[in-house]
Each structure stands twice: as C-alpha cells, then as structure tokens.
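J.: The structure's right below; bear with me while I get my questions together.
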Amino acid sequence: MTYLAKPKLHHPSLPKNKVGYTRRDYEGAISTLCAGCGHDSISAAIVQACFELDIEPHRVAKLSGIGCSSKTPTYFLGNSHGFNSVHGRMPSVLTGANLANRDLLYLGVSGDGDSASIGIGQFVHCIRRGVNMVYIVENNGVYGLTKGQFSATADRGSKSKRGAVNADSAVDMVALALQLGATYVARSFSGDKAQLVPLIKGAIEHRGAAFLDVISPCVAFNNHEGSTKSYDYIREHNEAVNRIDFISPRAPITTDYEPGSVQEVLQPDGSVLRLRKLAADYDPHNRIAVMNYLQEHQARGEVVTGLLYVDPEAHDLHAHLNTVAAPLNQLDEAALCPGSKVLEQINASLR
Amino acid sequence: MPKQIQRTNDFVVKFANVNGSGSASANELFAKAILRMGVPVSPRNIFPSNIQGLPTWYEARVSEAGYLGRRGSVDMMVAMNPQTWDQDVKEIEPGGYLFYDSSKPLPQSKFRDDINVIGVPLTEICNREYSDPRQRQLFKNIIYVGVLSALLEIDPAEIEKLFSEQYKGKEKLLASNIKALHMGRDYAQANLTCPSGLRVQRSDKVGKQIFIDGNSAAALGCVYGGATVAAWYPITPSSSLAEAFGRYCSKLRVDKETGENRYAIIQAEDELASVGIVIGAAWNGARAFTATSGPGISLMSEFIGLAYFAEIPAVIIDVQRGGPSTGMPTRTQQSDILACAYASHGDTKHVLLFPEDPNECFQMTASALDLADRLQTPVFVMTDLDIGMNQRLCAPLEWDDARQMDRGKVMTREDLDAGKPFGRYTDVDGDGIPYRTYPGTHPTRGAYFTRGTTKDIHAKYSEDGAVYVYNMQRLLKKFESAKSLVPAPVLRAGDSPSKFGVIYFGSTSPAMDEALDMLAELGIPVDALRVRAFPFNETVDDFIAEHEQVFVVEQNRDAQLHKLLVNECAIERSKLLPVLHFDGTPITARFIVGDIEEKLRLFNVTPIKKVAS
Ligand SMILES: Cc1ncc(C[n+]2csc(CCOP(=O)(O)OP(=O)(O)O)c2C)c(N)n1
Ligand code: SF4
Ligand SMILES: [Mg+2]
C-alpha cells in the first residue's frame, strides 16, 4: 500500500487546461488500494479524461456503492462532492441526485459485486430509465474488499486463488446494458489507458445512460493462472473492435486516418467520437448486430473491447419526465408553492 | 313486529358491496349528501383486497355530536353482496334494519326475526328500465341511494346538487342520474314505511370543515412543502398518496409557458430504490419524499441508517397497516412505531410525527420537509390506513403565504467566498446540527465526501475511536435539539383534577375524544395528552409525573408507544398501563372506555353512572 503523502504545492510550470486547472487539481487522496490494483489505473484514467475535457471539478458528483472499487472516488476529483453510499445501491442515489440537479455531471463507480450481485436490480432499472450518467463497473470477477469470493461476473470454469472452480454462468453486464437500452456501451481494460481515456471522455459527453465495463484485475485475489480476469489473460484475449479518439467540440477536426477505416460519430453537444475500426464488420449503431457480434466472439473466448454501441440521439430521464430546464433544487417558494388562494379553492371543492 | 331502533342524526349504516360494482361513488354520494345537510358523517372502507368481485364494505357513522371514530355495531345494513349475506345479517343490532335486493326470493331462514327487513327489487327495476348491463349495475347503486334518501329523510335536493356539480356540462348523465335517484325514492314512498326509525335532520355541525382522505391531504402537504422529487413503490395503503401527489402536481406544478414539470416522480423498482432516490435527491438539495407501508420500511432500513449517520434529509410517510403478506395488511394498525423509531443497524433513532387526521397529514408532511432539512436526518410521518384511505371531516387546510421553506443550515457560494469556515460535521452552533453544502456550490471550497460512519468533523476518512464517539454524541445532541422543533403534545385536561391520565396518538384521536366524554359522564374524569411526535417533548415526562396512573392507548399488540416512553423518558414504568386494540378494525370509544373501566376496577374506582351503549 502506498501511504506517501503527495507534496501539496503545485509546480508552477504544470500545464493548465482551458478552465485553469492543472492535472493535479483532478486528483484525490492517496489511494489505499493494493499496489497494482486495476482500480487505481481507472482512477488515473478518470483524472486524465476530466482534465483533458476541461471539466470544472466541482461540477462533477461522484457516487459509489461499497467495495474496493467503490472506495476509489476518494482517490480522484478531490474537489468534487462524493457519496460512498450502501452496497449495490449507488444507482438509486445517483438517480435521485440527478433528478435534483440536472446541470451536474454524474459519475457512478461500482464493482462487479456491487452491480452484478446485490445491486443488479438497481443497475438494471437506472439503465432502463436512461439516467444521464457515466456508470463505470470496475470488473475484477471477485469481491475484493471481502477477500476474494467469486462475484457474479466470474466466468464459468474460472479458478479462484484457493483452487475452487466457479460452476455458475457469468452475468455479462455489457449484454445486459445493451438489452436494457443503454445508449452508450463500452468495454475496456484498466491496463489499456490509450483505449480507456477516450472511452470515458465519450461517455462524459454522452447525454444519456453511458455504461462502461472495465476489466480491472485484482492483484490480491484474482490475478493467478486459471482466472479469466487477470492481466495476462486479458492481454491475450483482448479483441478490440475499435479505438476511439475523442474530439471536443472546441478542437479543430483533423483527418489523419485512413479513409474507410474511420467512422465519425457526432454527439448532440458537438463532440466527435472518431472510431478507428479494427474489425471491419463492426457497426456500433446497430444494437441487435452488436449483441450478436458480442455473443459470437465471446463464445470463442474473446474479450471484445472498444466502443460497442452508441446512440448519438439519446434522450435522458429528464426528457422522459419533461422536467423544467432549471435544476429542481434551485426552485423557490414562488415556483413550488401554489399559495393560500389555491388552497381555498381546493377546500371549497372538498365540501 | 320486532322493535324498531329510533335514532336521529346518530346511527351507523353499513354497505356490503361487491368490489368493482361502482358502489364506491354511490356510497360517497350518500355520505356527502348527509354532510351537506350539516350533519357530520365518518365513513370507513373495509376492503379485504382490491380484487374485482371480492367483498368490500363501507361503514358510515352519522353523528351530529361530531364523533368521527368508529362506533361499532350496525343500525342499518345495505346488503348488496350475496357472498357475505350471513355475516352481514348477523352484524345488525336487534331492532335494526336490513335493506336488501328482493328481486330473487330468499328462504325465511336467511333472515332474523329481531330485525326489520326492507326488500326492494332493485335488479328487477333496473332490468326493466335499462338494457345495457353496465348501466344496470351503475344505476342500481343510484337507485338504492334514492331508496335510502326516502328511508332516512335525506334531502333529495342535496343529492341533485351533488350530481349537478359532478356532471357539469354532461347534461345527459345528469338527467339519467336524477331519474335513477327518483326511481328509488318513488318506489320507497309507494311501497315502504318512510321514514324508518333512522332519520337525518338538518343541522349546522359541519360548517367550514372539509371532507378529504389523509393520503390526498398528505400529498398536498408535499406540494405545498416544496417537495420536487417523489419516489415510491406501490403498496396498499400508501399508493394513493403518491398517485395524489402526481395528480396535484400535474395541475399545480406545471410551468404555464413551457408546459414543463417542476417535479419528478419515479415509480421505483422497489422500496430500496425509492428511499435511495429520496436520499440522493435530498443530498443534492432537492426536497424529496417517499410514501410506503410496513414492508417498505423493512426494505428501506439499511438506507435509513445511512441517512441517519451521513445526515441526509429524507421524508418517509408510513401509512401503517397490519403486518406482512396480504389480507390483514388491508386493515389498519399503528404497529410500525418501534420499527421506525429505531430503524436500521448501529445506534440509530429517528424523528416521528403522528398526525391525527387529514388536516394534520397536510400540516405535518409540509413540516416534515422543513424538519428533515433543519435536522438533516430522516423524518417519518406515521399515518395509517384509517386516516390515509378514508375520507374524514376535518378543519380546512390553511397556508400562510409568508411561510418560507426552512432549508436548514446550508452554506452558499457567498458564505464560502466570504471565508466562512466549513467542516461538514462540525458542531458550530452547539445544537448538534452541522452545516452542509450542495454539490456544485463552489470551485474550490465546501466539497466533501459523504460516507456512513467513518469520518471526522471535516468528513475526512477516519477510523479513530474518539472521532467516532464524538460524532455519535453529537448526533444525540441533535436528537435533543429535535425535541423543541417537533410538534408539541396537545393537552386536554379533564373537567376536574384527576389522578388518571391517558396518552394517545394518531388515528386514535376521534375515538379518544368520544371516550373522554363518555368517561366524564361516568364520573371518571381523565386528563389526556395527545403525543404528536418522537422524540418526546418534556411535557410528556411532566404529564406522566403528574398522574398516578397513565393509560397508553394504541392500536398494536406490543404496546409500542408505551415501550418507547419507557425507553426514552425518565419515568416509572409501573405508572403506565397499556390499552391495546389490534384486530385490524379502527379502535372505538366503546373499546377504550370498556378497557379503562376494567383496569380501574383494579384501583377500586367504580363508575357512578352506567354508559348507555
Ligand atoms: C448489505 C451488505 N452486505 C455485504 C457487505 C459486505 N461487502 C462489502 S464490499 C462487498 C463486495 C464488493 O465486491 P465488488 O463490488 O466487486 O468490489 P471490489 O472490492 O471487488 O472492487 C461485500 C460483499 C456490505 N457492505 N453490505
Ligand atoms: S483486494 Fe483486489 S480489488 Fe481490492 S484493492 Fe486489492 S487488488 Fe484491488
Ligand atoms: Mg469486484
């Protein structure tokens, strides 16, 4: 574990982004996770994505459940409000928070135990509702915090550190998210920063339910031979269907890719996701085709990564509920309370 | 000839109906017509289940004296459900009346010879008049209201006026309803002895009072109190509260220019999610509530503890019912008191409010939103099926337009810019209540991390025992502060000094009012204290101290309020005597008086007069 305190003072020459923050301003407290834990790499990717996207840290609300993965919001975005809620229930808390103030950016961080076991119901329903959020599952196939029991995403036949073999079939969160109507679905690997950072950026800019399944090896309990969530296993079986570059609406669009292998996805906010296609037959806009593709490739033992599905015209929960543009938490008495005259009319109708 | 009960403005009519037959609106019409004549009525729905075709009852007590509690026993049964005939006939008081549909002859053995039987061939009349089966069904109900208006001397003009309000602009419907009403009246006047021994006589005891169910009133309290987020999962008897909130919001909370909503309602996947949504919304500065019943409280427990420890406002309206599963749960009880007072794990206790009627449902839900923000903690509004799902006569709802939402201790961007120090769990004011910030307030100050137990006064992660103890003590101090913020108990002193006291709360109120009058008449003056909130105000301790014996009247088996008093007040346990009613029917004055009389015998107190039943 690393307990070394970071120096507080910023180096004056650290580069600043457009909103005047350095990369360090997006960091949090020192991680107390195991050295080498995949989760820390995901935190670093979140820091980089937010820095590069020029997001003001205080405009982000980070929410989590319980688990090693759910502890990570302490380790990034130290100037954002955070909420370490209860095991498996981050989605409902995030949904409520989002309803209260639609203007903030909601980052939900969870684990495979948190989201695929105890919290699978809440996961399902917040995706169904199209809550505008980035939902990241840091997927290690085990319960890290409670010391290595199998989680529901552990593949059938995979072996625990103590040698037990998992006989249950795995919950595939990507397949679930697709089926439930998530409008941005990606899978990546904590060890692949080049792929992960742009995927997070794309998810942040997406207006709707964005789900990222990030395979994140647990070095303490699930990084051995026989595990299908170890660094080695994922490096060997990773089938990236595309690499994306995230182009902010403010940046000039340059074309330095081979035509034919590049596809551009324009999001409603003007940002562009430039997909470098690695699998020629992959179309991330056709939900059914995506589901089939994933099933076929997974049956071959491949772990498909990349931007798997995106609907650039997504609507979110606020659109479904037709709520006012102003955040609900800012409405005052005049906007909310109908007053005594109306109450007298109501009384009169009750006599 | 059996004797005939003679009562004016003081009797009980019970309707035995089949669910889904359209009887509910006819029965309400009956009650409202009597109210319009200035005579108080308190109706109660008894519905073993909401399934179409199964039995339901509607018991209306007419009481000029204004006693709105359930009386017990029946003076007239309107027996419209063959399935429950035997049971319904049995319930009638000797000398009472049985009104039934005589279209099909029934054997003599189906009747009793100590009651007065009034047969009207309702089906026959309907079949003759209407060909459409739906019309036959609906107008049959109106025809029986017509018959009753003749039997009980209800002014038909009042019923017609109610029709014309209901069917404004729908002249055809209006005319056909009036016709059906008179068909019933004409039949009764031609063939029956009218009036019967039961009569309604115009009076002036209703005045400005309104007739509303507690769930609707509570929903209005949420609208007026500024709730913008509601999350719920359907459960009887609370569902109609969330539904009423939606109905009122769609009228009162839509932006006129844009057509957009100033509210968000989520029918969640379960109660865990409902309360999670409420907590998330309140953490983020919106006023939020959920409505549920006992089973929902059990599911919410873990989250309730989190909100207590993390100090997040949440309003939970518990419309109590009888226990798990189905069946009894569609009956009323006050049996979630302990479950809510100490809900969750670790050391927790919560603020409870006990409304007595719809008017207080309105007031207390609005106050609960203020209290939750002020105290940064879950606040429970403990209603029950009896108040929640029955229309009840009560004082008109009032709102002071100068009233502002009390958002509690929230630091703004301006406060932070002005350099006010911020420590999320610091007791700055000495009342145990810390300051909070909403997410997104300030670019560099005021952000904090919310977690359950393990944090210091600056919300930094800490597993230090001393830090934990400090925080837990502060939460106790906050609970002390709550005592003076919650609604105070209401004292009703007896006419003469008494060594006996009675403590009661919530929906027991109308039965208790009547019981106190009955006890006074018996020569047993009793002082009464209606508790309106937990934590208990000091006056509760004082009241117990001032009396030799104090009865604690409640509608549950385990004497839950009694236990809470023993647990939380510095009092002698032996002074408190539980009076417990928990068979699923609303408590009656007769029950209370009977039980208290019996207990008093142990103290050698004998009534000087006998109660007339
Ligand atoms: C209601 C409840 N049950 C059990 C636990 C214990 N618990 C804490 S974390 C955890 C599993 C976490 O697994 P995962 O979400 O995969 O996170 P990881 O530690 O692997 O990142 C469990 C079972 C709890 N906190 N709450
Ligand atoms: S136990 Fe596993 S998941 Fe938890 S911090 Fe260590 S490596 Fe990461
Ligand atoms: Mg895990």
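J.: For q values of 0.18 Å⁻¹, compute log₁₀ I(q)/I(0) with the Debye formula on a Cα-only model of segment B:247-311, without solvent.
T.: Summing over Cα pairs of segment B:247-311 leads to -0.73.
J.: Provide the per residue accessible area, probe 1.4 Å, for chain B, rounded to a whole number of square angstrom.
T.: On the way: 23170 Å² over 613 residues.
Per residue, chain B has 38 Å² of solvent-accessible surface.
J.: Can you say what percent of the DSSP beta bridges in segment A:23-321, counting only those with both residues inside, are antiparallel? Round to 5. Write down the numbers at each step before the final one.
T.: Working: 20 of 50 bridges.
Of all bridge pairs located within segment A:23-321, approximately 40 percent are antiparallel.
J.: Quick one: length gained pulling B:LYS179 to B:LYS575 fully straight, 0.36 nm per residue minus the C-alpha distance?
T.: Details: separation 396, 0.36 × 396 = 142.56 nm, distance 6.15 nm.
Fully extending the segment from B:LYS179 to B:LYS575 adds 136.4 nm.
J.: Using a Förster distance of 41 angstrom, determine the FRET efficiency expected from the C-beta separation of B:GLN404 and B:THR454, and round it to 0.05.
T.: Numbers: r = 36 Å, r/R0 = 0.87.
Efficiency at R0 = 41 Å is approximately 0.70.
J.: Let me ask something additional. Listed here are the pairs B:LYS90/B:LYS161; A:LYS62/B:LYS256; B:LYS32/B:LYS170; A:LYS159/A:LYS277; A:LYS16/B:LYS455; B:LYS32/B:LYS179; which of them are more than 30 Å apart at the Cα?
T.: B:LYS90/B:LYS161; A:LYS62/B:LYS256; A:LYS159/A:LYS277; A:LYS16/B:LYS455
J.: Something else now. Tell me, what are the semi-axes, in whole angstrom and largest first, of the equivalent ellipsoid of segment B:7-199 as set by the roots of 5 times the Cα gyration tensor eigenvalues?
T.: Values: eigenvalues 104, 84, 57 Å².
Equivalent-ellipsoid dimensions as semi-axes: 23, 20, 17 Å.
J.: Quantify, in whole percent, the carbon and sulfur part of the accessible surface of chain B (1.4 Å probe; protein heavy atoms only).
T.: Numbers: 11740 of 23170 Å².
Using a 1.4 Å probe with all protein chains present, chain B comes out at 51 percent carbon and sulfur.
J.: Right, another one. Enumerate the whole-percent occupancy of each 10 Å bin, from 0 to the last occupied one, for all C-alpha pair distances of chain B.
T.: Once binned at 10 Å, the Cα pair distances of chain B give 3, 15, 24, 23, 17, 10, 5, 2, 0.
J.: Only bridges with both residues in segment B:212-394 count here: give the DSSP antiparallel percent, nearest 5. Display every interim value, and only then the final one.
T.: Working: 3 of 23 bridges.
Percentage antiparallel, nearest 5: 15.
J.: Oh, and also: Can you tell me the relative contact order of segment B:339-388? Whole percent, Cα pairs under 8 Å, sequence separation 6 or more. Spell out each step's value before the answer.
T.: Values: 52 pairs, mean separation 20.0, N = 50.
In percent, rounded to a whole number, it is 40.
J.: Which distance in Å, rounded to a whole number, links the C-alpha centroids of segment B:123-161 and segment B:171-190?
T.: 6 Å
J.: Turning to a different aspect of this structure: Whole number please: convex hull volume per residue of the Cα set in segment B:37-139, in Å³?
T.: Numbers: hull volume 14.0 nm³, N = 103.
Per-residue hull volume (Cα only) is 136 Å³.
J.: Moving on. For labels at B:LYS172 and B:GLN6 in the simple 7 Å Cα→Cβ model, what's the distance in nm?
T.: It works out to 4.9 nm between the two label points.
J.: Cα centroids of segment B:465-526 and segment A:68-139: how far apart, whole angstrom?
T.: Each part reduced to its Cα centre gives a spacing of 42 Å.
J.: Of A:ALA61, A:ALA194, A:ALA325, which is the most mobile in a GNM of chain A whose springs link Cα atoms less than 10 angstrom apart?
T.: Fluctuation is largest for A:ALA325.
J.: Looking at segment A:80-185, which trypsin sites (Lys or Arg not before Pro) are DSSP coil and have at most 13 other C-beta atoms within 10 Å of their C-beta?
T.: Those satisfying the criteria are A:LYS147, A:ARG156, A:ARG162.
J.: Do you know the relative contact order of chain B, to the nearest whole percent, from alpha carbon pairs under 8 angstrom that are 6+ apart? Intermediate results must be reported in sequence, preceding the final value.
T.: Working: 1303 pairs, mean separation 73.0, N = 613.
About 12 percent, as a whole number.
J.: Kirkwood Rh over alpha-carbon pairs of the protein assembly as shown, then Stokes-Einstein at 25 °C and 0.890 mPa s: what D in µm² s⁻¹, rounded to an integer?
T.: Details: Rh = 31.2 Å.
Rounded to a whole number, D works out at 79 µm²/s.
J.: If I fit a long axis through the Cα atoms of helix B:509-521 and take the longest principal axis of the Cα atoms of chain B, what angle between them do I get, 0 to 90°, rounded to 10?
T.: Orientation of helix B:509-521: about 70 degrees from the principal axis.
J.: Okay, next question. Mind computing the radius of gyration and Dmax over the alpha-carbon atoms of segment A:95-188? Å is fine for both.
T.: Reported Rg and Dmax, both Å: 14.7, 48.
J.: Specify the angular offset, from 0 to 90 degrees and rounded to the nearest 10, of the alpha carbon long axis of helix A:193-205 from the longest principal axis of the alpha carbons in chain A.
T.: Tilt relative to chain A: about 20 degrees.
J.: How many nm is it between the label spots at B:GLU568 and A:ALA319, if each spot is 7 Å from the Cα in line with the beta carbon?
T.: About 4.8 nm separates the two model spin labels.
J.: Related question: Between B:LYS599 and B:LYS483, what's the calculated FRET efficiency when r is the beta-carbon distance and R0 is 45 Å? Round to 0.05.
T.: Working: r = 30 Å, r/R0 = 0.66.
With a Förster radius of 45 Å, E is 0.90.
J.: Using a 1.4 Å probe on the heavy atoms of the protein chains only, list every residue of segment B:283-304 that has 20 Å² or more less accessible area in the complete assembly than in its chain alone.
T.: Going by heavy-atom accessible area, the residues of segment B:283-304 that drop by at least 20 Å² are B:TRP283, B:ASN284, B:ALA286, B:GLU302, B:PHE303.
J.: May I ask for the Kirkwood hydrodynamic radius of segment B:490-601, worked out over all distinct Cα pairs and given in angstroms to one decimal? The partial results should precede the final answer.
T.: Details: mean 1/r = 0.0723 Å⁻¹.
About 13.8 Å, per the Kirkwood formula over Cα pairs.
J.: Taking the Cα centre as origin and putting +1 on Lys and Arg beta-carbons and -1 on Asp and Glu beta-carbons, what dipole magnitude results for segment A:20-82, to the nearest 20 debye? All intermediate terms of the calculation are to be shown ahead of the outcome.
T.: Numbers: 5 positive and 6 negative charges, 35 e Å.
Dipole about the Cα centre, nearest 20: 160 debye.
J.: Which is the longest run of chain A containing none of the GluC sites (Glu not before Pro) found in DSSP loop states (not H, G, I, E, B) with at most 11 other C-beta atoms within 10 Å?
T.: Values: sites that count: A:GLU225, A:GLU313.
Between exposed loop sites, the widest span is A:1-224.
J.: Which distance in Å, rounded to a whole number, links the C-alpha centroids of segment B:247-285 and segment A:227-242?
T.: If we compute the Cα centre of each part, the gap is 43 Å.
J.: Restricting to DSSP H runs of at least four residues, report the calculated mean residue ellipticity at 222 nm for the protein assembly as shown, -39500 (n - 2.57) per run over all residues, nearest 500 deg cm²/dmol.
T.: On the way: 30 runs with 330 residues, N = 964.
Calculated mean residue ellipticity at 222 nm is -10500 deg cm²/dmol.
J.: What's the angle, to the nearest 10 degrees (0 to 90), between helix A:339-349's Cα axis and the longest principal axis of chain A?
T.: Here the helix axis deviates by roughly 80 degrees.
J.: Toward the positive end of the charge dipole of the protein assembly as shown, about the Cα centre and with charges on Cβ (Lys, Arg +1; Asp, Glu -1), which of B:ALA589, A:ILE215, A:VAL109 goes farthest?
T.: A:ILE215
J.: Please give the charge dipole size of chain A, origin at the Cα centre, charges +1 on K and R Cβ atoms and -1 on D and E Cβ atoms. Round to the nearest 20 debye.
T.: 820 debye
J.: Can you run the Rg to Rh ratio on segment A:211-251? Use alpha carbon positions and the Kirkwood inverse-distance Rh.
T.: Ratio of gyration radius to Kirkwood radius for segment A:211-251: 1.18.
J.: Run the quick spin-label model on A:HIS237 and B:ARG413: label points 7 Å from Cα toward the beta carbon, then report their separation in nm to one decimal.
T.: Going by the 7 Å Cα→Cβ label model, 4.9 nm.
J.: Here's a follow-up. Can you give me the accessible area per residue for segment A:23-321, using a 1.4 Å probe, in Å²? If you can, show how the numbers build up before the last one.
T.: On the way: 10410 Å² over 299 residues.
With the other protein chains kept in place, segment A:23-321 gives 35 Å² per residue.
J.: I would also like to ask the following. Report the accessible surface area buried between chains B and A, summing both sides, using a 1.4 Å probe on protein heavy atoms only, in Å² rounded to the nearest 100. Please list the in-between numbers first.
T.: Values: alone 25640 and 16610 Å², together 37150 Å².
Using a 1.4 Å probe, the pair buries roughly 5100 Å².
J.: Can you figure out the FRET efficiency of B:GLU129 with B:ASP255, using R₀ = 60 Å and their beta-carbon distance, to the nearest 0.05? Don't skip to the answer; put the middle values down first.
T.: Values: r = 49 Å, r/R0 = 0.81.
For B:GLU129 and B:ASP255, the calculated efficiency is 0.80.
J.: Something else: Treating the beta-carbon of each Lys and Arg as +1 and of each Asp and Glu as -1, no other charges, what is the dipole magnitude of the protein assembly as shown about its Cα centre, to the nearest 20 debye?
T.: Numbers: 99 positive and 111 negative charges, 66 e Å.
Approximately 320 debye in magnitude.
J.: Follow-up question, since we're still on this one. Defining a contact as two alpha carbons under 8 Å apart and six or more residues distant in sequence, what relative contact order in percent does segment B:7-199 show?
T.: On the way: 338 pairs, mean separation 41.6, N = 193.
This gives 22 percent for segment B:7-199.
J.: Out of A:ASN139, B:ALA65, B:GLN391, whose Cα points farthest toward the positive end of the dipole of the protein assembly as shown (charges: +1 Lys, Arg; -1 Asp, Glu; placed on Cβ)?
T.: A:ASN139
J.: Residues of segment A:102-129 with accessible area at least 10 Å² lower in the all-protein-chain context than alone (1.4 Å probe)?
T.: A:LEU104, A:GLN122, A:HIS125, A:ARG129
J.: In peptide A:316-326, what is the residue-averaged number of other protein chain Cβ atoms found within 10 Å of each Cβ? Can you show the working numbers first?
T.: Details: counts 0, 2, 3, 0, 1, 6, 7, 8, 11, 3, 3.
Mean shielding by partner chains, rounded to a whole number: 4.
J.: Shifting gears a bit: Give me the Kirkwood hydrodynamic radius of chain A in Å, from all C-alpha pairs, to one decimal place? Each step should come with its number before you reach the end.
T.: Working: mean 1/r = 0.0473 Å⁻¹.
With all distinct Cα pairs of chain A included, I get 21.2 Å.
J.: Okay, next question. Report Rg/Rh for segment B:409-487, rounded to two decimals, where Rg is the Cα radius of gyration and Rh the Kirkwood radius.
T.: Numbers: Rg = 13.4 Å, Rh = 13.5 Å.
Ratio of gyration radius to Kirkwood radius for segment B:409-487: 1.00.
J.: To continue, here is another question. Put simply, what bits of segment A:56-91 lose 30 Å² or more of accessible area when the other protein chains are there, versus the chain on its own (1.4 Å probe)?
T.: A:HIS58, A:THR74, A:ASN79, A:HIS81, A:GLY82, A:PHE83, A:ASN84, A:VAL86, A:ARG89
The values are calculated or read from the model by the stated rules, or taken from the named source; none is laboratory data. The shown structure was predicted, so the numbers you read here are calculated from the model rather than taken from an experiment. For neighbour counting, all protein chains shown are included, and Cβ atoms are generated from backbone atoms with ideal geometry for every residue, glycine included. Quick note on the areas: whole protein, heavy atoms, side chains included, nothing else; ligands and nucleic acids left out. Shrake-Rupley method; radii C 1.70, N 1.55, O 1.52, S 1.80 Å.
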